[in-house]
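Structure, as structure tokens:
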Amino acid sequence: MPSSDSDDFLDLWPTTLLRRSLPGHDIANAELARLIEEMDRQHAGLTTDYRGGNLLTMENPAVTWLRDCINKTVIDYLKRAGLDYAVNWHLQGWANVNRRGDYHDPHNHPHAYLSGTYYVQVPDMESPPRENRSDVRPGAISFYDPRGAANMTAIRGDRQIEAEFTHRPKAGDILLWPAFLTHFVHPNLSDAARISISFNAVLKWSDAYLPEQG
């Protein structure tokens, strides 16, 4: 059933995005950055070969910490969705090392239920370099309304029909969203690398997940 604040207002077809900063991330991020930089030196296609392995299965204290945090975040997301039955999933994760000029085209994550990103290292860049246009958003991530043409009547402040939501991440931030949601990772315009870990929560299927009919 859709959530309701009263008998008159229903939140139909919501798209929920969870964003939080993980406590104690400083120590873990130093080890995660070291690990990912070592992997990047050994594998030139690390960022683009996201199906080449599962970072979140590695035996490393910082990876274990992150895996536990991601699972807790997924549990919190499912509680917020109001699911009152057991849901089982496995995590698939991969590292991203974005150097100056690197970005990710608009995309979603097929075959997953939830998707997310954890930020290990984010260059400090509040404004674009002088040589760039003033409207660029270096290092940001944007999410787009999945309902086609819903923005035809968009007006300022109405979040139901604003076409785009943009977040400027900081190290330690974790984001979680429905895997169908199209998102775009803006170019890194810093000489320092942006390091993140993207992941999917893939359902272990059960017939209990099927919606009720009627």
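The values are calculated or read from the model by the stated rules, or taken from the named source; none is laboratory data. All figures in this text were calculated on a predicted structure; none of them were measured in a lab. A quick note on method: Cβ atoms are made from the backbone with ideal geometry, for glycine too, and the neighbour counts reach across all protein chains shown. These area figures cover heavy atoms from the full protein model, side chains too; ligands, DNA and RNA do not enter into them. Shrake-Rupley method; radii C 1.70, N 1.55, O 1.52, S 1.80 Å.
Could you tell me how far the Cα centroid of region 49-65 sits from the Cα centroid of region 120-173, in Å?
28 Å
At R0 = 25 Å, how high is the FRET efficiency between residue 26 and residue 99 if r is their beta carbon distance? Nearest 0.05 is fine.
Efficiency, rounded to the nearest 0.05: 0.60.
Starting from 0.36 nm per residue, how many nanometres of slack lie between residue 180 and residue 162 once their C-alpha separation is accounted for?
Extra length from residue 180 to residue 162 when fully extended: 4.7 nm.
Quick check: net charge around residue 33, other residues with Cβ under 12 Å of its Cβ, Lys/Arg +1 and Asp/Glu -1?
Values: positive: 34, 194; negative: 26, 31, 37, 38, 40.
Its environment carries a net charge of -3.
Kindly state, to the nearest 0.05, the FRET efficiency for residue 124 paired with residue 88, given R0 = 41 Å and r defined as their beta-carbon distance.
Details: r = 40 Å, r/R0 = 0.96.
So, using R0 = 41 Å, E works out to roughly 0.55.
Most fluctuating residue of 110, 23, 123 in a GNM of the chain with Cα springs under 10 Å: which is it?
Answer for the Gaussian network model of the chain: 23.
If contacts are Cα pairs under 8 angstrom and at least 6 residues apart, what is the relative contact order of region 134-214 in percent? Mind dumping the intermediate values first?
Working: 73 pairs, mean separation 30.5, N = 81.
For region 134-214, the relative contact order is 38 percent.
Quick one: in region 64-188, what % of C-alpha pairs are over 26 Å apart?
Working: 2382 of 7750 pairs.
Considering region 64-188, 31 percent of its Cα-Cα pairs are separated by more than 26 Å.
From the C-alpha gyration tensor of region 135-202, pull out the three semi-axes of the equivalent ellipsoid (sqrt of 5λ each), sorted largest to smallest, in whole Å.
25, 16, 10
Over the chain, with a Gaussian network built from C-alpha contacts below 10 Å, which listed residue (150, 28, 95) shows the highest mean-square fluctuation?
Per the Cα network of the chain with a 10 Å cutoff, 150 tops the list.
So which lysines pass the test for residue 204, namely a Cα distance under 25 Å, with those fewer than 8 places away in the same chain ruled out?
Within reach: 72, 79.
Taking R0 as 25 Å, what's the FRET efficiency between residue 191 and residue 71 from their Cβ-Cβ distance, rounded to 0.05?
0.10
In the chain, carbon and sulfur make up what percent of the accessible area (probe 1.4 Å)?
Details: 6870 of 13360 Å².
That share works out to 51 percent.
If you count only protein heavy atoms with a 1.4 Å probe, what accessible area per residue comes out for the chain, rounded to a whole Å²?
Roughly 62 Å² per residue, with all protein chains present.
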